[in-house]
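Here is the structure we will look at.
Every number in this text was worked out from the coordinates using simple rules, so none of it is lab data. None of the values given here were measured: they were computed from a predicted structure. Note: ideal-geometry Cβ built from the backbone for every residue, glycine included; neighbour counts use all protein chains shown.
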Amino acid sequence: MAETLAQACWLTEPGHAELRTETLPEPGPDQVLVRALHSGISRGTETLVFRGEVPASEFERMRAPFQAGDFPAPVKYGYNSVGLVEQGPAHLLGRTVFCLYPHQTHYVVPATAVHLLPQGVPPARAVLAANVETAVNALWDAAPRLGDRIAVVGGGTVGLLVAWLAARLPGCQVQLVDTNEARRAVAEQLHVDFALPDAARDEADLVIHASGQSAGLATALSLAAFEATVLELSWYGERPVNVPLGGAFHSRRLTLKSSQVGQVATAQRARWSHRRRFELALSLLNDPVLDALITDAAPFAALPEVLARLSASITDTTLCHRIDYSQHPAE
């Protein structure tokens, strides 16, 4: 049988990526060969990785499920891949699946590592699945109550998804807060109220921060009501963070709490596996309104340049950037 060749995106050194050709192993009886259709760039995490800003203390905890190489580089990193099963068990053959795999044209993984896309979820939208999973886990950690006034500070992909999910809770008043006026139009498509920081509604029962900036965290703390919780979703890598814990932080008895998707939220952990949580995230993608979050697309050949551009500017307005692959079968 002819060898299957694949192209993969490698970070060869901080600030530089390139495409490399690899020879894939023949799939075993419990494995699948997947041909990628689309992958998605995780804007916050992948740009930190691209710039070489993963702290040494987090090298092991930050490893993606099918990462190759080690931080800071060379490393093959990513976890938003949607593809078609070309070889594997009969129940998966020809099916469209999601896998937590780096940006690569074809790959071989255990059959248990792929998730079937639910009916009604198109492959091009499914690149949002890992972001939805993060938003689900954040709301589990935040534990909003019916009728809560909720502020979400930071209108990136994850922040918008958190606001979209929270706005579906009965009685809750949800407002997305961001410094970029362009986010208003996206929020409106998701049926979420929007405000610039100076016009944001204060006295929030719950604040979720996802801007990745110290100034955003300061805004989040300023919007919190007495004894409210501020949930921190941002990950800063090696960057120092100035947290304004003076002023009214103590007199208001605020709680600053972290959330991270690597572990299922404490309240759910006894009953929910990672797989069950991910299947929930995939099912929530059955809503065309979420297409508004995929603002850019480029062919796989352009991926190194796209990563460099996204990593160079914090003012870039891109939300989820989709990468599209050739539809030709594996070689």
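Considered as a group, the residues in region 152-173 that are part of a strand (DSSP E or B) and under 20 Å from the mean Cα position of the chain (by Cα) include one that is surrounded by the fewest Cβ atoms within 10 Å (Cβ to Cβ), and that residue is Val153. Within the option set Ala64, Ala8, Ala36, Ala17, being of a type outside the set (Lys, Arg) and out of contact with any strand residue (DSSP E or B) (no Cβ under 7 Å at 6 or more places or on another chain) holds for one residue only, Ala64. Screening Val132 against (1) touching a helix residue (DSSP H, G or I) at 6+ places or on another chain (Cβ under 7 Å); (2) part of a loop (DSSP other than H, G, I, E, B) leaves a single unmet condition, (2). Among the residues of region 174-194, those identified as surrounded by fewer than 17 Cβ atoms within 10 Å (Cβ to Cβ) and more than 25 Å from Ser214 (Cα to Cα) are Glu188, Gln189, His191.
Across region 126-149, what is the total count of residues that are of a type in the set (D, E, K, R), within 20 Å of Arg275 (Cα to Cα) and more than 13 Å from the chain's Cα centre (by Cα)? Full working, then the answer.
At the first step, the residues of region 126-149 found to be of a type in the set (D, E, K, R) are 133, 141, 145, 148-149.
So of that shortlist, the ones also within 20 Å of Arg275 (Cα to Cα) come out as 133, 141.
If we keep only those that are more than 13 Å from the chain's Cα centre (by Cα) too, we end up with 141.
Qualifying residue count, region 126-149: 1.
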